[in-house]
Amino acid sequence: MRAFDNRQARRGLVVYQLVLILIVVIILIIVIVHFARVSHGVGSPGLQSGSAGTVAASPGVFPTLAKKPTPVEITFKGCPPIGDGGDAALNRLKNRVDSAANAVSVPFDSLERLPWPRSVDRKAREHWSRTEAAAVGRYEGLPLVVEGYLAAAKREGPESPNCHGADAGLRDWHIWLTGTPTADRAGAVVIETTPRIRAAHRMWQLSRLTNAARRHQRVRISGWLMLDQEHPEQIGKTRGTLWEIHPITKIEIQQRGRWVALD
């Protein structure tokens, strides 16, 4: 009987030791995985240093900045920053001319899926509640960098931000950015160049963008994040979100494995 009890005790000790070893192994695995994720910039809630003077957002975490750059505005060819009608506050954002320095790099999917309060759809900004303005303002005005492909590009007609200028040099370029080479515009992010920014980029040509779209060349776009609440009817048809990069401040096209500025 005593021998049986001794065997039982030894078995219990062995089981206890095995459980202890298993717990230690699990803890070691968790620690190793944690440090591996941190070293690769995954799982950290903050921002990590990126290349080319940018800051990279952790995957799945859209960045915020406690203090965003104040938009720089100018009167351009007689047209004031507020334009000549429409939503003056929105026009001022579209017409900013400062470069998106220290831009934050975000994945295309994170941008395309970024939420906004649907209660602001088609509502002039002067009528937004504090809650609505705060929800949009959490992200709006971020300097961003995003990579993707161009679905199409065209010159817009006369619009209020540009004082309804009819000349080609007084119209925005309306461009559709997608996450994959063959995606259609239904899930695209609208990105736009403006006459004020293009004045400093004389080498930008609409034909080069349409050519990049036709060839499915990967592009890298820098600019300012802005919500254009005026086009909810386009969701799921010619855009996937009301968030835009508007205005664009830098365009790069990938050629032979390197980024080449459109300039």
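The values are calculated or read from the model by the stated rules, or taken from the named source; none is laboratory data. Here the structure is a predicted model, which means the values were calculated and not measured. Counting neighbours? That spans all protein chains shown, and the Cβs are built from the backbone with ideal geometry, glycine included. For accessibility, only protein heavy atoms count, side chains too; no ligands or nucleic acids. Shrake-Rupley method; radii C 1.70, N 1.55, O 1.52, S 1.80 Å.
Residues being part of a loop (DSSP other than H, G, I, E, B) and either open to solvent by 30 Å² or more (accessible area, probe 1.4 Å) or of a type in the set (V, I, T) (or both): count how many of those fall in the stretch 227-248.
6
Residues that are more than 30 Å from N211 (Cβ to Cβ) and among the acidic types (D, E) do occur in the stretch 129-138, at least one of them. Count of the stretch 76-131 residues, restricted to those that are in a helix (DSSP H, G or I) and touching a helix residue (DSSP H, G or I) at 6+ places or on another chain (Cβ under 7 Å), is 9.
Scanning the stretch 118-169 for residues that are within 29 Å of I251 (Cβ to Cβ), touching a residue at least 60 places away in the same chain (Cβ under 8 Å) and basic (K, R) yields a total of 2. When R96, R92 are checked against the criterion of being touching an Asp or Glu at 6+ places or on another chain (Cβ under 9 Å), open to solvent by 50 Å² or more (accessible area, probe 1.4 Å) and of a type in the set (D, E, K, R), R92 stands alone in meeting it. Checking each residue in the stretch 209-226 for being surrounded by 15 or more Cβ atoms within 10 Å (Cβ to Cβ) and either assigned to a helix (DSSP H, G or I) or of a type in the set (G, A, S) (or both) picks out L209, T210, A212, A213, S222, G223.
This table checks each residue for (1) closer than 15 Å to I245 by Cα; (2) modelled with pLDDT of 95 or more; (3) open to solvent by 20 Å² or more (accessible area, probe 1.4 Å).
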position	(1), (2), (3)
D87	no, yes, no
F108	yes, yes, yes
P117	no, yes, yes
V120	no, yes, no
A133	no, yes, yes
L170	no, yes, yes
W173	yes, yes, no
